[in-house]
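> Have a look at the structure that comes next, please.
The values are calculated or read from the model by the stated rules, or taken from the named source; none is laboratory data. Owing to the predicted nature of the structure, the values given are computational and were not obtained by experimental measurement. Here Cβ is always computed from backbone atoms with ideal geometry, including for glycine, and neighbour counts include all displayed protein chains.
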Amino acid sequence: METGVGERMKIRWQKIRISVLMLVFVMANIWIINGLLRLKEQADMISLSYPAGAVTETSFEQWKKSEDCEIFSEGTVWKACGDFKVLSEDTGHDQKVSCYRMKGQPAAIFGKELAVGRYFTEGEENVCLLGQDTVRQLFGSDNVLGLEVKMDEKIWQIVGVLKGDIPVCVIPAEKGEVFDGITVRKKEENQSVNQAVSIIEALFGSTDGQQVDGQLYYVLDSLLYFMILAVSLIVIGIMALKRTRKIPKAIGNKKTGELKDVKVAEIGRRCILPCCLVTALVIMIAGVNAANPGSDYLPTYWSDFEFYSRLFKDKAEQIQSLAIHQEFFVWQKMFDLWRRIVLAEILSGTLILCVCMDFLLHLRVGRKKKRKSRLFFLGHRIKGEVPKLKIGFKK
């Protein structure tokens with residue numbers, strides 16, 4: 001009796017454990033999908049950093065007028081000006097901020113990170129963008145559009161507020177300014193990054209500086225996510241196949257009326273692995289289409305191992321460079337989100353593995369106990385209940 005109660009408790013706890021793991025798995029996948037959608041917002045961004053003052057206003061104007069510029073939807077050149085103190089003369093509060101001068105379209109860098117207001121346009125003067133935390137420190141509110149602040153002995157009117165808690169101030173570039181880098185947005189998602197970089201380098205010169213490719217981080221996380229889903233399905237299919245290996249041994253013990261149902265159930269279980277393999281293949285194809293890596297990630301022929309080696313080295317250097325230095329808070333958010341998604345995807349795969357191992361372990365223990373129970377009852381019936389065995393003795 002105690003053994004039966006103990007067995008039921010073990011089964012109940014196993015069901016609870018598997019249910020909790022599956023719930024965490026579903027929640028992790030929802031968070032991963034949301035993170036991938038946020039990463040996709042930066043997938044069209046490309047940025048090149050140059051030595052200080054290497055990019056001139058004249059070269060930027062020539063780039064905007066060139067035909068090659070048509071493949072980009074937005075573009076801006078920027079310069080880091082160092083740290084300045086921003087003062088609100090109305091409240092008397094001040095804060096130290098990192099200041100940047102920009103010419104072009106600041107949306108190329110910040111994207112949808114504008115909380116309130118608008119980005120300034122070319123030709124505007126004495127206007128600025130401030131970080132959300134900065135305006136709260138200065139005014140105690142986000143409703144600051146049109147208010148003025150003092151920085152570097154000049155008065156600046158606030159036209160927009162950037163999301164986040166990074167103290168930053170963005171102002172228009174002066175005439176004849178020189179810049180440290182250029183950031184653009186591709187017009188089409190499948191546009192080659194290598195081609196876009198070549199066009200930029202043709203006008204601004206090649207650079208050994210930092211290259212930030214938003215598509216790289218979205219592609220890596222997307223492919224890893226769909227690969228983990230596909231592998232999980234394959235593992236589930238193999239687990240189901242192992243479960244059916246010893247099913248035929250039990251068929252002989254079934255009554256004639258139940259034999260057909262058992263065979264149908266067995267055939268259904270044996271179809272799980274092929275179905276899982278086909279579904280895994282479909283998921284991988286869908287993953288490649290969703291990631292849309294483009295021609296930059298595809299060799300001329302599949303056995304071009306030198307291409308893969310070059311690609312891995314180049315992308316690894318880009319990731320390492322961004323890990324060391326993130327010029328803008330937008331890049332920092334993108335890189336941190338990319339790392340968290342990778343960890344969540346690894347957690348998701350680990351959860352599936354734990355569920356499968358738990359189920360297989362429970363199945364193996366259950367088989368052993370059933371075998372022992374069958375032998376016990378068989379021995380008991382041979383000793384005390386021989387007539388019930390109907391082994392064919394004649395009276």
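> Would you be able to say whether some residue in segment 12-20 is out of contact with any strand residue (DSSP E or B) (no Cβ under 9 Å at 6 or more places or on another chain) and at pLDDT 85 or above?
As a first pass, look at segment 12-20 and keep what is out of contact with any strand residue (DSSP E or B) (no Cβ under 9 Å at 6 or more places or on another chain): 12-20.
Applying the additional criterion that residues be at pLDDT 85 or above yields 20.
Yes.
> Consider Ile158 carefully, then state whether it is part of a strand (DSSP E or B), assigned by TED's automatic domain parsing to the domain that holds Gly92 and either under 25 Å from Phe72 (Cα atoms) or free of Cβ contacts under 8 Å to residues at least 40 places away in the same chain (or both). Even if it seems obvious, please write down each step before you answer.
Values: part of a strand (DSSP E or B): yes; assigned by TED's automatic domain parsing to the domain that holds Gly92: yes; either under 25 Å from Phe72 (Cα atoms) or free of Cβ contacts under 8 Å to residues at least 40 places away in the same chain (or both): no.
When the stated conditions are applied, Ile158 does not pass them.
> Ok, one more. Does segment 312-326 contain any residue that is among the acidic types (Asp, Glu), without any contact (Cβ under 8 Å) to a residue 12 or more places away in the chain and either closer than 26 Å to Gly111 by Cβ or surrounded by 17 or more Cβ atoms within 10 Å (Cβ to Cβ) (or both)?
Start the filter on segment 312-326 by keeping residues that are among the acidic types (Asp, Glu), which leaves 314, 317.
Checking which are without any contact (Cβ under 8 Å) to a residue 12 or more places away in the chain leaves us with 314, 317.
This time we only want the ones that are either closer than 26 Å to Gly111 by Cβ or surrounded by 17 or more Cβ atoms within 10 Å (Cβ to Cβ) (or both), so: 314, 317.
Checked against the condition, which is being among the acidic types (Asp, Glu), without any contact (Cβ under 8 Å) to a residue 12 or more places away in the chain and either closer than 26 Å to Gly111 by Cβ or surrounded by 17 or more Cβ atoms within 10 Å (Cβ to Cβ) (or both), segment 312-326 yields at least one hit.
> Please give the number of the condition Ser73 fails out of (1) buried (at least 20 other Cβ atoms within 10 Å of the Cβ); (2) under 27 Å from Asn190 (Cβ atoms); (3) among the small types (Gly, Ala, Ser).
(1)
> Name the residues in segment 35-54 that are under 15 Å from the mean Cα position of the chain (by Cα) and either over 22 Å from Arg185 (Cα atoms) or in contact (Cβ under 8 Å) with a residue 40 or more places away in the chain (or both), would you?
To start, the set of residues in segment 35-54 that are under 15 Å from the mean Cα position of the chain (by Cα) comprises 35-43.
Selection gives Gly35, Leu36, Arg38, Leu39, Lys40, Glu41, Gln42, Ala43.
> Would you point out which residue out of Val159, Val127, Val193 is in contact with a Pro (Cβ under 7 Å, 6 or more places away or on another chain) and either at pLDDT below 95 or surrounded by 14 or more Cβ atoms within 10 Å (Cβ to Cβ) (or both)?
That would be Val127, the only listed residue that is in contact with a Pro (Cβ under 7 Å, 6 or more places away or on another chain) and either at pLDDT below 95 or surrounded by 14 or more Cβ atoms within 10 Å (Cβ to Cβ) (or both).
> Tell me, which strands (runs of 3 or more DSSP E) lie completely within segment 164-237 with 1 or more residues that are touching a Gly at 6+ places or on another chain (Cβ under 7 Å)? Full working, then the answer.
On the way: elements: 168-172, 181-186, 211-213.
Here the list reads 168-172, 181-186.
> To continue, here is another question. Just the residues that are of a type outside the set (A, V, I, L, M) and not in a helix (DSSP H, G or I), please, taken from segment 56-80. Please lay out each step first, then the result.
Initially, segment 56-80 is screened for residues of a type outside the set (A, V, I, L, M), giving 56-70, 72-76, 78-79.
Residues satisfying the conditions are Thr56, Ser66, Phe72, Ser73, Glu74, Gly75, Thr76, Trp78, Lys79.
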